[in-house]
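One structure below.
The values are calculated or read from the model by the stated rules, or taken from the named source; none is laboratory data. This structure is a prediction, so every number in the text was calculated from the model and none was measured. Every residue, glycine as well, gets a Cβ built from its backbone with ideal geometry; the counts of neighbours run over all protein chains shown. Quick note on the areas: whole protein, heavy atoms, side chains included, nothing else; ligands and nucleic acids left out. Shrake-Rupley method; radii C 1.70, N 1.55, O 1.52, S 1.80 Å.
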Amino acid sequence: MLSALSFLGCAQNNTDKLTLKGKVPQGIERLLLVDHNEGKVMDTIKVVDGGFEYEMKRVADDVFYGIADMTGTQTVNFVSDGSALSVDFASGKATGTPLNDTLAVMTDRIKAVSDKYADVMKQYKAETDAQKRDGLKAQLANYGKDLAAVIERTIDNNQSNCLPAYLILVAIEGIDFNKLLAYSESKAAYTKHPLFRNVMQYIDYKKPSMAFVGKKFTDVVGNDLSGKEHRLSEYVGKGNYVLVDFWASWCGPCMREMPNVKACWERYSPKGFNVVGISLDNDAGRWSKAISDGGYNWVHISDLKGWKSSAAAAYGVQAIPWNFLCDGEGTIVAVSLTGSDLERKLSEIY
């Protein structure tokens, strides 16, 4: 289906109007029309008797929009292709034009795999039996590969239209960085789409840290909570995987991420995994209290110089939380592993 529709482009249509019709769940009285290209709300749409009809001006056939309830919890995304669309909040799809029908197929195929992955991940997090966890881990690895393959195949089959610009952006965290670079360097039509500017911004942001992948770690120095000096090389390159985690007690996102690091450390430290926290604090009391209160009982060092930290300078750290994972030989194998990405990577390793 995707291959058959892959020839569809984003050429200008003859009509300059696009009519949207649809039904919405009970209790919704108004909808928001959002322009994803510009990242702004365009209008509000009134719901009458559980349905709506809205005529909008179509300035081009490659603008991505979303219709959402006022809370943003239910959204249907579409592209301004053709003259009339049927919007279905139950399925989360808009259909009736070639590009939107292709987008619907794309959404269904990806959702089918991602839903299975999410279900197994939920089971995996709740399971305590080691043997059953290993079985679920194998399923996660397979579903992860399947999802990556579906996304890659969908992009490859739609080189001449604008849909991959949207797909790459929404799936960007799950796309291998080298593959992402290859997409950005291609001559495909979607790379000229306005949405792809966001992809390029993401790549530019990631490039400095991704440059460390495949290289040996750089040794740095810091003091522990008692003031004793330690080198990173005391812990890294000693045969086990080590996460080097840059954080600070004053950093809200860092403190929200720390329980996830703790859960991973508790789960995998019996298998040899270790964490070295490098703090960008400048107040020893706050640093110590954050560690004690959270029960973050792994290795911690800092020179208490805040953003002037020599360790942060050695790795070009510009934002925290930021981390890198070293293998047993001290080679950096991954960077910026947060949330489920850290758990997923460690489950692959262990």
For His36, other-chain or 5+-apart residues with amide H closer than 5 Å (H placed, Pro excluded) are Phe64, Tyr65, Gly66
Taking alpha-carbon centroids only, the stretch 258-273 lies from the stretch 15-43 a number of Å equal to 44
Counting only protein heavy atoms and leaving out ligands, DNA and RNA, the solvent-accessible surface of Lys132 at a 1.4 Å probe, in Å² to the nearest 10, equals 120
Given the candidates Ile45, Asn178, Met56, the one whose Cα lies deepest towards the positive end of the charge dipole of the chain, counting +1 at each Lys or Arg C-beta and -1 at each Asp or Glu C-beta, is Asn178
Expected field for Tyr124, accessible surface area in Å² at 1.4 Å probe radius, rounded to 10, holds 10
Taking the stretch 226-350, the equivalent ellipsoid from its C-alpha gyration tensor has semi-axes in Å, biggest first, of 21, 16, 14
Checked against a 27 Å limit on the C-alpha separation, the offending pairs among Lys145/Lys215; Lys179/Lys305; Lys262/Lys305; Lys40/Lys206 are Lys179/Lys305
For Thr71, the accessible surface traced by a 1.4 Å probe with all protein chains present amounts, in square angstrom to the nearest 10, to 110
Heavy-atom accessible area of the chain with neighbours in place, 1.4 angstrom probe: carbon+sulfur share in percent works out to 50
For the stretch 38-116 the mean separation of alpha carbon contacts under 8 Å (6+ apart) over residue count, i.e. relative contact order in percent, is 17
Among [x] 72, 42, 37; [y] 67, 53, 35; [z] 78, 46, 35, the entry matching Cα extents along the principal axes in Å as calculated here is [x]
Applying the span-like rule to the chain (DSSP H, Cα extent along axis at least 24 Å, Kyte-Doolittle mean at least -0.5) gives 98-126
Inter-part gap, Cα centre of the stretch 180-222 to Cα centre of the stretch 83-132, in whole angstrom, is 27
Computed, not fitted: 222 nm per-residue ellipticity of the chain from DSSP H runs ≥ 4 (each -39500 (n - 2.57)), nearest 500, equal to -12000 deg cm²/dmol
From highest to lowest solvent-accessible area (probe 1.4 Å; ligands, DNA and RNA excluded), Lys17, Lys93 read Lys17, Lys93
The correct ranking of Trp265, Trp322, Trp307 by accessible area at 1.4 Å, largest first, is Trp307, Trp265, Trp322
Length gained, Gln139-Asn240, 0.36 nm per residue minus C-alpha separation, equals 33.9 nm
